[in-house]
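The values are calculated or read from the model by the stated rules, or taken from the named source; none is laboratory data. Since this is a predicted model, take the numbers as computed values, not measurements. Cβ atoms come from the backbone with ideal geometry, glycine included; neighbour counts cover every protein chain shown. Accessible surface is based on the protein model in full, side chains and every heavy atom, while ligands, DNA and RNA are left aside. Shrake-Rupley method; radii C 1.70, N 1.55, O 1.52, S 1.80 Å.
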Amino acid sequence: MSFVDLFAYDFMQRALVAALLTGLAAPAIGTFIVQRRLALLGDGIGHVAVTGVALGLLTGTSPTWTAVAVAILGAVLMELIRERGHTNGDVALALLFYGGLAGGVLITGIAGQGAATLQAYLFGSLNSISSADVWFTAALTVVVLLTTLGLSPQLFAVASDQDFARVAGLRVRGYNLLIAVLAAVSITVAMRTVGLLLVSALMVVPVATSQQLARSFRTTLLGAMAVGCAASVGGLVLSAALSFRVSVAPGPTIVLLALAMFTATWPLGVWLRRRSRLMAPFPEVTAAPHRSADQHAHQHGEDCGHPAVPHGDHVDYVHDGHRHAVHGEHYDEH
Amino acid sequence: MTDLPVVLDQVSVAIGGRPILRDVDLTVHAGDMVTLLGPNGSGKSTLVRALTGLLPLARGSVRLFGTPIEDFSAWHRLGFVPQRSTATGGVPATVREVVASGRVGRRRLLRPTSAADRRAIESALDVVGLSDRASYGVSQLSGGQQQRVLIARALAGEPDLLVLDEPTAGVDLPNQQALADALRRLKQRGATIVLVAHEIGPMMPLIDRTVVMRDGWVAYDGPPLTQEVASHTHHPHDHDLPGGHDHAPHVSSPFDWERRSRP
């Protein structure tokens, strides 16, 4: 069996569709979560959802449904704690994370299932995706995308400034709960491909990658979805290719690929930010004393290699801690 | 007259069980610009948060445009500039995007941006003098310019009443001047303005009335005062920390519950 033959298999096609949908949905909601500075919320929900999977294994019902139910419950609970609590909200969330993970592992044991069963849910698995799962994933993805893109003005306002949004008449708690529930839903969507313990990475890393290059929220959101798709489909194919030699779960491959994309764009982002800082116009200050520069052999110009920063009606050439502006035959210190 | 923009009647507000505002009466007439002055911890911000519905009242009543605040639904008539929160979030956003979010009070769900939305956004940017920076990232701007972005965001909703909580804190003089110009243009359109301020500076000629708060009471309510007269006990450089002044000491554990306002 060669690598190309792999794509003829039903399970591989299902996995690819699921990965594509996951790559779209997780960063879409992730952008709003990062905007609210709650990057670790997804991690917490993922941990709580482990208990949901275990409950499904224990009762013999579909682990996907029990995971959705428990994840939504956990997300709502976390949101309420965060909203009501004071500064110690993070401790409350941590308590919930650990409870979810420990409860999940314990209940799986009680259900008589080994760690191997749970592992498929924790780190993703290629061949455990049924066609019912694919339909379920597709439906949830449509819900997540319609809500995040359709309500993006409202969600953006709430995520950037809660007080302002509340005075503007928005039901802030409702929108916060909506974000939490959507996060829970997309985590369950991603459970089959990336796995619960790594799912949060797919909500955060594409956003971090995209914001290296983007300046607007809209570009960040769309860029994150593109990065998410590339990482999840690419990671899946990579893990399938590697599985001829060693056993690799798709989850870690997808996350490491996303991180690699971040690492590739990061230096570019650093350079762009540094450049925009250097080229920011100098403020105009009236009545500064006139000082001319010392004898200056260098001729400043468009391509002299020194940043030409706008300053009022002229430019200052920046070098060695000085700002030189052309004044007749000589340069002024500005 | 039933549609006075703001009427506070015997308002008391408690935070964490500790009384902060006590028996405050305040009426703001349409078209007036009222400044709230007073030392740190005197209850200026608490008063503003009570009249915008962000804090529940322990006693008394607040009426906005003649409607009790519990029944008030025309929130789009109210523009709010919170105490220097951040104009920046965890994700980059352009100046225009932040200002556009000020339209949420007037937008209907699941509708694209209308021509009226765009006009209001451009006009708000113009009033604060940031039209040429509209496509800049907010994080590229200086603190004073970010403050002007937040004011433009409130203006984009085309409010009849504008409430500003310390827009001048830590803002340099040219930016304060730009702020004052924006408020002047707004006032000429007939808007009512309530302004909490540490530094009045260039806004002095615009002010119709001054209210001085002291320890949760209204200590003075009358013709405009300069800051020096108003602040016997006030140290102008002793600003509140970002995030506001804590009136109630926090001795809390993770699951402590605190009663909050309108959800």
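Applying the selection to region B:80-110, what residues are of a type outside the set (Asp, Glu), over 23 Å from residue B:191 (Cβ atoms) and within 9 Å of another protein chain (Cβ to nearest Cβ)? Scanning region B:80-110 gives B:86, B:88, B:89, B:90, B:91, B:92, B:93, B:94, B:109, B:110.
Within region B:50-65, the residues that satisfy the criterion of being assigned to a loop (DSSP other than H, G, I, E, B) and within 15 Å of residue B:192 (Cα to Cα) are B:52, B:65.
Scan region A:182-193 and give yes if some residue there is farther than 17 Å from residue A:69 by Cα, in contact with a Leu (Cβ under 7 Å, 6 or more places away or on another chain) and touching a residue at least 12 places away in the same chain (Cβ under 8 Å), otherwise no. Yes: region A:182-193 contains one or more residues that are farther than 17 Å from residue A:69 by Cα, in contact with a Leu (Cβ under 7 Å, 6 or more places away or on another chain) and touching a residue at least 12 places away in the same chain (Cβ under 8 Å). How many residues are surrounded by fewer than 20 Cβ atoms within 10 Å (Cβ to Cβ), of a type in the set (Gly, Ala, Ser) and within 14 Å of chain B (Cβ to nearest Cβ) when one looks only at region A:137-157? The number of residues fulfilling the criteria is 2. Report yes if some residue within region A:172-180 is assigned to a helix (DSSP H, G or I), more than 9 Å from chain B (Cβ to nearest Cβ), charged (D, E, K, R) and farther than 26 Å from residue A:240 by Cβ; otherwise report no. For region A:172-180, residues assigned to a helix (DSSP H, G or I), more than 9 Å from chain B (Cβ to nearest Cβ), charged (D, E, K, R) and farther than 26 Å from residue A:240 by Cβ: absent. Filtered by the rule that a residue be free of Cβ contacts under 8 Å to residues at least 60 places away in the same chain and either aromatic (Phe, Trp, Tyr) or more than 14 Å from chain B (Cβ to nearest Cβ) (or both), region A:194-219 gives a lone residue, A:201. Restricting attention to region A:77-104 and to residues that are away from chain B (no Cβ under 13 Å) and surrounded by 16 or more Cβ atoms within 10 Å (Cβ to Cβ), the residue that is farthest from the chain's Cα centre (by Cα) turns out to be A:103.
Against the test of being more than 13 Å from chain B (Cβ to nearest Cβ), small (Gly, Ala, Ser) and part of a helix (DSSP H, G or I), the options A:52, A:30 yield a single qualifying residue, A:52. May I ask you to verify whether residue A:224 is open to solvent by less than 10 Å² (accessible area, probe 1.4 Å) and closer than 20 Å to residue A:140 by Cβ? Yes, satisfied.
When every residue of region A:201-213 is checked against the conditions, at least one turns out to be open to solvent by 30 Å² or more (accessible area, probe 1.4 Å), over 18 Å from residue A:41 (Cα atoms) and modelled with pLDDT of 90 or more.
For the condition within 12 Å of chain A (Cβ to nearest Cβ), out of contact with any Asp or Glu (no Cβ under 6 Å at 6 or more places or on another chain) and surrounded by fewer than 20 Cβ atoms within 10 Å (Cβ to Cβ), what is the one hit in B:142, B:131? Steps first, please.
Numbers: B:131 fails: within 12 Å of chain A (Cβ to nearest Cβ).
One residue alone meets the criteria, B:142.
If you filter region A:55-64 down to residues that are in a helix (DSSP H, G or I) and among the polar types (S, T, N, Q), you find that the one that is most open to solvent (accessible area, probe 1.4 Å) is A:59.
Among the residues here, residue B:165 qualifies as in contact with a helix residue (DSSP H, G or I) (Cβ under 8 Å, 6 or more places away or on another chain), within 18 Å of residue B:75 (Cα to Cα) and either surrounded by fewer than 19 Cβ atoms within 10 Å (Cβ to Cβ) or within 11 Å of chain A (Cβ to nearest Cβ) (or both).
Looking at region B:29-49, can you tell me whether even one residue there is in contact with a Leu (Cβ under 7 Å, 6 or more places away or on another chain), crowded, with 24+ Cβ neighbours inside 10 Å, in a strand (DSSP E or B) and not hydrophobic (A, V, I, L, M, F, W, C)? Yes, region B:29-49 contains a residue that is in contact with a Leu (Cβ under 7 Å, 6 or more places away or on another chain), crowded, with 24+ Cβ neighbours inside 10 Å, in a strand (DSSP E or B) and not hydrophobic (A, V, I, L, M, F, W, C). Are any residues in region B:39-79 polar (S, T, N, Q) and either facing another protein chain (nearest Cβ under 10 Å) or under 18 Å from residue B:162 (Cα atoms) (or both), and if so, which ones? If the condition is that a residue be polar (S, T, N, Q) and either facing another protein chain (nearest Cβ under 10 Å) or under 18 Å from residue B:162 (Cα atoms) (or both), then B:45, B:46, B:52, B:67, B:73 are the ones that fit. Evaluate region A:125-136: report whether one residue or more is part of a helix (DSSP H, G or I), open to solvent by less than 30 Å² (accessible area, probe 1.4 Å) and more than 13 Å from chain B (Cβ to nearest Cβ). Checking region A:125-136: at least one residue is part of a helix (DSSP H, G or I), open to solvent by less than 30 Å² (accessible area, probe 1.4 Å) and more than 13 Å from chain B (Cβ to nearest Cβ).
Every condition in (1) away from every other protein chain (no Cβ under 12 Å); (2) buried (at least 24 other Cβ atoms within 10 Å of the Cβ) is met by residue A:185 except one, and the failing one is (2). When residue B:147 is tested against (1) within 29 Å of residue A:224 (Cα to Cα); (2) modelled with pLDDT of 90 or more, only condition (2) is not met.
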